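Down below is the structure, laid out as structure tokens.
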Amino acid sequence: MPPSGLAILIGAGPATGTGIARILSSPQHGNLAVALLARRPDSLKSVISTVHETNPNAILEAFPTDTSKASLEKAFQDIKAHESFQDLKLNLAIYNIKHSSKKPFLEETRAQFEDSLETYVGGAFTFAQESLRRLFDDHGEKGLMEGGEKKGTLIFTGTLGALRCNAQFAAYGASRASVRQLAQTLAREMSEKGVHVVHTIGNGAIVDEDGEDQRVGKKMSADAVGETYLWLHQQEPCLWTHELDMRPACEKF
């Protein structure tokens with residue numbers, strides 16, 4: 001079965017990213033070709049190998065990149081030109097970057113603080129711009145009120161740090177909260193244009209397993225996150241979820 005469209009996932013790592021890629025590329029679920037972005041080529045190869053264990057026909061391609069402007073812009077150009085994705089329209093883009101920074105405030109330099117913002121928030125900004133441009137190029141710019149249809153979905157994976165933060169997490173909290181606000185302003189601007197923008201909050205451990213920890217609600221499974229993201233993407237304009245709090249049953253909050 002040929003893929004129904006294209007998904008772009010940045011932060012394609014061994015846990016959450018693998019589950020998302022597995023579900024999105026599965027013919028029984030998303031049936032999408034998936035462009036996988038991450039800094040380390042070895043990590044990308046591992047994700048593809050793991051997904052192919054259960055779905056050898058999945059169309060997955062790796063694009064090593066960091067979150068700098070030039071690197072992300074090149075990755076999107078390479079995706080556009082890649083032979084595996086010819087004639088496929090972008091349907092779903094996911095910003096799933098792992099980002100953490102912990103340091104006593106008086107020991108943190110301004111340069112370190114700004115670097116954290118540039119890496120995470122700057123990356124989200126460029127990823128969003130490139131994704132939106134591709135969505136409008138592929139699906140047209142006609143808004144919903146003008147007779148246009150849903151063009152696709154843009155999802156930012158966040159954490160509880162976007163809502164409240166602990167001591168020594170100044171750069172982390174500022175970065176996570178900034179991306180949450182970016183997602184909110186994009187939702188308010190892009191919804192009427194047919195782009196569904198979502199910010200999720202992953203509170204608790206996510207692992208690429210489906211065992212006892214998942215049965216008792218101790219940890220989330222990566223596949224469950226993938227299924228949730230696919231469900232969000234499949235929502236019609238009559239009801240769009242903007243923010244979703246994801247946690248295993250036994251996670252305290």
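Bear in mind these aren't lab numbers, they're just calculated from the coordinates by the rules spelled out. Quick caveat: nothing in here was measured; it's all calculated off a predicted structure. Here the Cβ is made from the backbone with ideal geometry for all residues, glycine too, and neighbour counts use every protein chain on show.
Numbers below:
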{"read-out": "Cα-projected label distance for GLN168 with ALA70, points at 7 Å along beta-carbon direction, nm", "value": "3.6 nm"}
{"read-out": "Sum of -39500 (n - 2.57) over DSSP H runs of 4+, divided by residues of the chain (222 nm, nearest 500)", "value": "-12000 deg cm²/dmol"}
{"read-out": "Segments 49-55, 103-109 sorted - mean Cβ within 10 Å per residue, highest first", "value": "49-55, 103-109"}
{"read-out": "Proximal lysines to LYS219, defined as alpha-carbon separation beneath 30 angstrom and excluding residues fewer than eight positions away on the same chain", "value": "LYS45, LYS98, LYS102, LYS103, LYS252"}
{"read-out": "Extension gain, ARG215 back to LYS142 (0.36 nm per residue minus Cα-Cα distance, nm)", "value": "21.8 nm"}
{"read-out": "Highest to lowest packing among 209-215, 71-77, scored as the average C-beta count within 10 Å", "value": "71-77, 209-215"}
{"read-out": "Prolate/oblate/rounded call for the range 166-253, Cα gyration tensor, a/c under 1.5 rounded", "value": "oblate"}
{"read-out": "Segment GLU243-ARG188, length gained on full extension (0.36 nm per residue, minus Cα span)", "value": "18.5 nm"}
{"read-out": "Order of ASP115, ASP42, ASP208 under a 10 Å beta carbon neighbour criterion, fewest first", "value": "ASP42, ASP115, ASP208"}
{"read-out": "Label-zone membership for the range 1-32, site ALA205, 7 angstrom Cα→C-beta point, backbone N under 20 Å", "value": "13-20"}
{"read-out": "Mean-position separation - Cα centroids, the range 73-101 and the range 178-252, in angstrom", "value": "19 Å"}
{"read-out": "Packing rank of 17-25, 245-253, where each peptide gets the mean count of other beta carbons within 10 Å, highest leading", "value": "17-25, 245-253"}
{"read-out": "Ascending count of other beta-carbon atoms within 10 Å, so fewest first, for ILE8, ILE94", "value": "ILE8, ILE94"}
{"read-out": "Using alpha carbons only: equivalent-ellipsoid semi-axes of the range 87-226, gyration tensor based, whole Å", "value": "30, 22, 12"}
{"read-out": "Gain upon complete extension [THR54, GLU118; 0.36 nm per residue less C-alpha separation]", "value": "19.3 nm"}
{"read-out": "Cα gyration tensor, the range 1-91 - rounded (a/c under 1.5), prolate or oblate", "value": "oblate"}
{"read-out": "Exposure proxy order (Cβ contacts within 10 Å, fewest to most) of TRP240, TRP231", "value": "TRP231, TRP240"}
{"read-out": "Contact order relative to length of the chain, as percent, for alpha carbon pairs under 8 angstrom and 6 or more apart", "value": "21 percent"}
{"read-out": "Fraction in percent of alpha-carbon pairs per bin - 5 Å, the range 6-246", "value": "1, 6, 14, 18, 20, 18, 12, 7, 3, 1, 0"}
{"read-out": "From phi via Karplus (6.51, -1.76, 1.60), per-residue ³J(HN,Hα) for the range 51-66 in Hz, x at Gly/Pro", "value": "5, 5, 5, 9, 9, x, 9, 4, 9, 10, 10, 9, 9, x, 6, 9"}
